[in-house]
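The values are calculated or read from the model by the stated rules, or taken from the named source; none is laboratory data. It should be emphasised that the depicted structure is a prediction, and the values quoted were computed from it without experimental measurement. For neighbour counting, all protein chains shown are included, and Cβ atoms are generated from backbone atoms with ideal geometry for every residue, glycine included.
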Amino acid sequence: MAMLSVTIGGNTYDFEVSQEEATQEQSEYVGDVARTFNGSLRSSRRAAKRNWRFRVITDGNMMTQAEHDAFRADVEGGDGIGSCTGDALSDDDIDCLISIGDAPYMATSLSHVRTMQLQLQEV
């Protein structure tokens, strides 16, 4: 399991990330690439912005129900911009737009645990 730390709304939340459920998606590019009339490539591309999707565990020792509710309120009640770090992001400290996806239960050997899908977009 990898760790992800998210600071938003002045609060810091730590998550366990399942490596099987962690994806760095295709980057978005700032700028454009186009062909000119003579066939050469012209680029105004200036930067790449990364995107990630994580399935995080929000049950058990990681997060109480009150912390879970506070995190949702911080993400959904503000602009959604936070600071993200941890070994799930190669220990980079990245400002991200945070979105919350579905929150199914995942079967474990002992019981079911609540999970949450987080999507992070580098700003």
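Annotations
- Residue pairs whose Cβ atoms lie under 6 Å apart, sitting 6 or more positions apart in sequence or on different chains, and linking a residue in segment 84-96 that is in contact (Cβ under 8 Å) with a residue 24 or more places away in the chain to a partner that is of a type in the set (Val, Ile, Thr) and not in a strand (DSSP E or B), are Asp95/Val123.
- Count of segment 95-122 residues, restricted to those that are modelled with pLDDT of 95 or more and more than 15 Å from Phe54 (Cα to Cα), is 1.
- Filter pass, Gln24 being modelled with pLDDT under 90, at negative phi, in contact with a strand residue (DSSP E or B) (Cβ under 8 Å, 6 or more places away or on another chain) and among the polar types (S, T, N, Q): yes
- Segment 39-79, residues that are polar (S, T, N, Q) and either surrounded by 11 or more Cβ atoms within 10 Å (Cβ to Cβ) or closer than 26 Å to Ser27 by Cβ (or both): Ser40, Ser43, Ser44, Asn51, Thr58, Thr64
- Output for segment 1-58, where each listed residue is closer than 22 Å to Gly86 by Cβ, of a type in the set (S, T, N, Q) and touching a residue at least 12 places away in the same chain (Cβ under 8 Å): Ser5, Thr7, Asn11, Ser18, Gln19, Thr23, Gln24, Gln26, Ser27, Asn51, Thr58
- Residue under evaluation Ala22, criteria (1) aliphatic (A, V, I, L, M); (2) exposed (fewer than 11 other Cβ atoms within 10 Å of the Cβ); (3) under 25 Å from Ser5 (Cα atoms), criterion not met: (2)
- Residue match in segment 36-58 (condition: under 17 Å from Leu118 (Cα atoms), in contact with a helix residue (DSSP H, G or I) (Cβ under 8 Å, 6 or more places away or on another chain) and not β-branched (Val, Ile, Thr)): yes
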